[in-house]
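> Shown below is the structure under consideration.
The values are calculated or read from the model by the stated rules, or taken from the named source; none is laboratory data. Not measured: the values here are computed from a predicted model. When we count neighbours, we look across all protein chains shown, and the Cβ atoms used for this are built from the backbone with ideal geometry, even at glycine.
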Amino acid sequence: MLRQIIGAIGVIFVVVGVLGFFSDQYLLGIFEVNTIHNLVHIASGVVALIAAASSERVSRIYAQVFGVVYLAVFVLGLVLGGDLLGLFRVNAADNVLHALLGVLLVALGFLPVFQTSAVSARTRP
């Protein structure tokens, strides 16, 4: 199940990154985007797709690493305001999305319920 979820997240990241190139400054009218921001989303998506195609272990590592990264981006967005390390701008909508994504990925990566061994141990007779 984890591999499929990470794969779906990867597809969403790639689609959002590509769509960002066809919008002006705001994707869907609310999320601030620019070339670097779009490339980060595409790269995050490609890495997620590679992780999902590899194994559950690699998918879990992806979720752990990128979950922590997106939570850090959320915190930096709150602390630094609109300009994130001079790379791209974030607004309140971006911060909320980064927080939700970070929490989801951390949960997928660290909670035992999403690990195959925990699921198979519970379903044994």
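> Sort out which residues of region 97-125 are at pLDDT below 80, within 19 Å of the chain's Cα centre (by Cα) and either part of a helix (DSSP H, G or I) or more than 16 Å from SER59 (Cα to Cα) (or both), and write them in order of number.
Listed by number, the list holds a single entry, PHE114.
> Pairs under 6 Å by beta carbon, first residue within 25 Å of GLN4 (Cβ to Cβ) and without any contact (Cβ under 8 Å) to a residue 60 or more places away in the chain in region 84-108, partner surrounded by 14 or more Cβ atoms within 10 Å (Cβ to Cβ) and among the aliphatic types (A, V, I, L, M), six or more apart or different chains?
So the pair list comes out as HIS98/VAL73; GLY102/LEU71.
> Further question on the same structure: Output the number of the condition that ASP24 fails; it satisfies all remaining conditions of (1) closer than 21 Å to ALA99 by Cβ; (2) free of Cβ contacts under 8 Å to residues at least 60 places away in the same chain; (3) among the acidic types (Asp, Glu).
The one condition ASP24 does not meet is (1).
> Across region 58-96, what is the number of residues that are part of a helix (DSSP H, G or I) and either among the charged types (D, E, K, R) or in contact with a Phe, Trp or Tyr (Cβ under 7 Å, 6 or more places away or on another chain) (or both)?
5
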